[in-house]
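Notes for the one structure printed next.
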Amino acid sequence: MAEQLGPFDWGFMECGQYNEYWHEIHMYPEEGVQASIDAGVRVSIPVHWGGFPLALHTWQDPIERFTAEAKEKEQAISTPQIGEVVTLGEEPTEAWWADLN
């Protein structure tokens with residue numbers, strides 16, 4: 001995909017609301033990171049994880065798994081707070097969710 005359409009500055013990648021029973025329609029966080037790499041995304045922005053609970057995983061599980069996988073695969077990510085305005089080249093990377101319960 002990157003050869004045909006990319007590379008991309010940003011990629012909004014699904015990483016939440018997953019479950020083994022509906023895996024065909026929701027990627028696991030690690031798959032979202034791999035999709036970023038496959039698409040030639042410069043900075044991945046994980047989405048579809050913090051708004052409301054749909055799946056049985058904890059609220060922080062998707063973002064923790066996504067960030068861990070991105071670090072392991074050396075994929076740059078941005079983690080804006082829900083509703084935060086982001087500027088290209090000034091993408092936030094702090095783990096703001098870590099202090100929330």
Note to self: Please rank 91, 3, fewest neighbouring Cβ atoms within 10 Å first, as an exposure proxy.
What the structure shows: 3, 91
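Among 55-63, 31-39, how do they line up by average Cβ neighbours within 10 Å per residue, starting with the highest? Let's see the in-between values first.
Numbers: 55-63: 16.4, 31-39: 19.8.
Final packing ranking: 31-39, 55-63.
Can you bin the range 2-99 into rounded, prolate or oblate? Criterion: square roots of the alpha carbon gyration tensor eigenvalues sorted a ≥ b ≥ c, rounded for a/c under 1.5, prolate for a/b above b/c, oblate for the rest. Walk me through the numbers on the way to the answer.
Values: a/c = 1.81, a/b = 1.19, b/c = 1.52.
Here the range 2-99 falls in the oblate category.
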Check: How far apart, in nm, are two points set 7 Å out from the Cα along the Cα-to-Cβ line at residue 24 and at residue 100?
Finding: 3.2 nm
Next item on the list: Select from the range 54-101 those GluC sites (Glu not before Pro) which occupy a DSSP coil region and have at most 15 other Cβ atoms within 10 Å, ordered by residue number.
Entry: 74, 84, 90, 94
Checklist line | Sites residue 78 and residue 5 - FRET efficiency at Förster radius 22 Å, r taken between beta-carbons, to 0.05 | finding: 0.60
Note to self: Restricting to Cα pairs below 8 Å that are 6+ residues apart, what does the relative contact order work out to for the chain? Please round to a whole percent.
What the structure shows: 27 percent
Checklist line | Within-12-Å neighbourhood charge of residue 91 [Cβ basis; K, R +1; D, E -1] | finding: -3
Next item on the list: About the Cα centre of the chain, how large is the charge dipole given +1 on each Lys and Arg Cβ and -1 on each Asp and Glu Cβ? Please answer in debye to the nearest 20.
Entry: 80 debye
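Here, each number is a calculation from the coordinates, and none is a lab measurement. As the structure is a prediction and not an experimental result, all values here were calculated from the model. When we count neighbours, we look across all protein chains shown, and the Cβ atoms used for this are built from the backbone with ideal geometry, even at glycine.
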